[in-house]
1. Taking a cut-off of 27 Å between Cα atoms, list the lysines near K51, but don't count ones fewer than 8 places away on the same chain.
2. How much area per residue is accessible in the chain when the probe is 1.4 Å and only protein heavy atoms are counted (Å²)?
3. Given Cα positions, please report Rg to Rh for the chain, the hydrodynamic radius being the Kirkwood one.
4. Starting from the Cα gyration tensor of the range 13-133, take the square roots of the eigenvalues, sort them a ≥ b ≥ c, and report rounded, prolate or oblate (rounded when a/c is under 1.5, otherwise prolate if a/b is larger than b/c, else oblate).
5. Hey, what did the chain get for relative contact order, percent, Cα under 8 Å, at least 6 apart?
6. From the P(r) of the range 206-250, can you give the percent of Cα pairs sitting at distances over 11 Å?
7. Would you tally the net charge around P16, using a Cβ to Cβ cut-off of less than 13 Å, leaving P16 out, and scoring K and R as +1, D and E as -1?
8. Determine the share of the range 178-222's accessible area contributed by carbon and sulfur atoms, expressed in whole percent, with a 1.4 angstrom probe.
Amino acid sequence: MADPLAPPRVRFAPSPTGYLHVGGARTALFNWLYARQTGGAFLLRIEDTDKARSTDESERAIFEGLEWLGLNWDEQVVHQALGLPRHQRDANFLLSTGTAYRCFCTAAELEVMRKEAAARKDSFKYDRRCDRLSPEEITRRVDAGTPFVVRFRMPDGETAWDDAVHERIAFPNKDIEDFVILRSDGTPIYNLAVVSDDIDMGITLVMRGDDHISNTPKQIQLYRALGNEPPRFAHVPMIHGMDGKKLSKRHGAAGVEEFQAQGVLPDALDNFLALLGWSPGDDKERMTLLEMVSLFSLERIGPSASRFDHEKLLWLNGQYLQEIPAARLVEMLKPFHLPNCDAVLLDRAIMLHRSRARTLVGLAHALAIYGDDPRVFEPAGLKKFGGPEAAPLLRALAERLSVTEPFSHSTLEESGRALAAEKGRKLGDLAQPARLALTGVLASPPLFEMIEVLGKETTRRRLLAFADLIAREPEAH
Ligand code: GLU
């Protein structure tokens, strides 16, 4: 019997057969939060028994994804495939205690039984014929080298547990067939490997997706047959797309590394994932990992599926972008393509643009205007504001701004307004072509704040170059 006062031990057990899906990341996060809150251990087990589908690359994506999300694990990573001798020992133990038996039925024989059941309109369940073989017959077949699988014998009655998310769940055992635990090549089937490993790792709470609920009665029976108390179970509801269907690539990004590449911040993704199925109450939404550690509770995980709203994630990410310390933001932007400009200027530009960006990629993109002078101009902008009549206005603006002191956005704006008034124009008549001249596009942050960051030299150079361009014949541009 497990010591009820011993610290909890939980695990995340992904199969390394693809990218780290956000559903898996959410399961990892919940387990991590639980372990950190209770002073327990959060373990990582790579379920790599399917050699054909498991890849090193996928394993790396799992490690990197968890590290990026800040979900550090305790102890050595466990590789399920290395547990093979123990899996086989456990299967042999079950054979020796008579809770499992050898089944010599071939795939073809099973197929016939399946067809017969279908013809009777029955659902197929193995009829235990090999469980009735005499000990002599079994010995004879084993000695003759007849291949066999090992099946677990489901006892009578029902299997029930108090799920930490779904409350009580019960399955009548008669609905569960004597399931295979060891293949004829001696490799374990998922349910045996998981139970054997969870016992070996001392797991006290299994928290995983509720697509595993139908495996749990089988696993509970295996625990008991192996002489162990089952752990607690918490089956976390699935994540759906906005259309109510299981979340997949069809709904947009679904892998942690994709969100990383889009420039979502790990803190924002953690926060967003935590709210998929769990809430701390009081409508509280914004939380740091540390806050989540103190607020997390299994009781507040809801039993129904949650929806993955990409728009909400981007909104939340935008909030994080505004608030993280500047130095950290600069650091996080480094992997993205940044303009080649003075570091002080870049810092100021980041501070100016971050309130409008929703991702690091979007922010890096907006910063491009602080690099090379624009060479191409948005055609719609040219059509509207690129007429030769704007050239003298832009030249006058360039002169006026060059002599404005201090070169700060409020005095620059005053200068701009004064110039427009002198020319009998509205500020927009100056501002729109100026924006196009300075950035190549029509959308930008407030013009004079941007000019302040761009600096006197660059502003002047760009305004004059654009004035020259539009003063020429229209065919020239
Ligand atoms: N490897 C299983 C999966 O990726 C998880 C098994 C478990 O958590 O028990 O779905």
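The values are calculated or read from the model by the stated rules, or taken from the named source; none is laboratory data. Just so you know, these numbers come straight off a predicted model, no measurement behind them. Note: ideal-geometry Cβ built from the backbone for every residue, glycine included; neighbour counts use all protein chains shown. Side chains included, ligands, DNA and RNA excluded: accessible areas come from the protein's heavy atoms. Shrake-Rupley method; radii C 1.70, N 1.55, O 1.52, S 1.80 Å.
1. K51 reaches K218, K246, K249.
2. Counting only protein heavy atoms, the per-residue value for the chain is 49 Å².
3. Result: Rg/Rh = 1.19.
4. prolate
5. Relative contact order here is 12 percent.
6. Cα-Cα pairs in the range 206-250 separated by more than 11 Å: 70 percent.
7. -3
8. It is 48 percent, rounded to a whole number.
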